Amino acid sequence: LNNRIAVFEEDKVVLKAALRQLQKEIKDEAPRAQKLMDDLAKAEQEIKRLRSELNSVIQTHQQEILQLQQTISSKQQAISETESNLTAIGTYVDKLEERLTSFAV
């Protein structure tokens with residue numbers, strides 16, 4: 001019985017040493033775990049900020065695209081009006097040339 005008690009006492013000593021070692025490791029890991037949690041929180045904030053910035057950039061570019069499309073549309077309309085005016089002027093020039101030709105004859 002004493003031998004068995006001695007074995008249990010030895011196991012108790014070994015287990016206490018192991019427990020102390022684990023407690024020390026946990027204590028040593030706590031600052032690293034906290035740093036990781038802090039880094040994670042910072043990274044999540046950065047992700048949130050970047051998403052917000054990305055949405056802002058997308059919205060700005062969509063507005064710019066709309067403005068450019070409106071500008072293109074107005075320029076195309078101006079080009080069409082100019083072409084129409086040039087066609088009318090060309091027709092008047094042709095008529096004037098015909099009249100000048102008929103007066104010369």
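A few comments on the model shown:
- Hey, residue 5 open to solvent by less than 100 Å² (accessible area, probe 1.4 Å) and either free of Cβ contacts under 8 Å to residues at least 60 places away in the same chain or not hydroxyl-bearing (Ser, Thr, Tyr) (or both) or not: yes
- Flag for residue 101 being in a helix (DSSP H, G or I), loosely packed, with under 10 Cβ neighbours inside 10 Å and more than 31 Å from the chain's Cα centre (by Cα): yes
Conditions tested, residue by residue: (1) open to solvent by 100 Å² or more (accessible area, probe 1.4 Å); (2) polar (S, T, N, Q).
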site: 34; (1), (2): no, yes
site: 41; (1), (2): no, no
site: 53; (1), (2): no, no
site: 69; (1), (2): yes, yes
site: 82; (1), (2): no, yes
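The values are calculated or read from the model by the stated rules, or taken from the named source; none is laboratory data. Because the structure is a prediction, the values reported are computed rather than measured. So basically every Cβ, Gly included, is an ideal-geometry build from the backbone, and we count neighbours across all protein chains shown. These area figures cover heavy atoms from the full protein model, side chains too; ligands, DNA and RNA do not enter into them. Shrake-Rupley method; radii C 1.70, N 1.55, O 1.52, S 1.80 Å.
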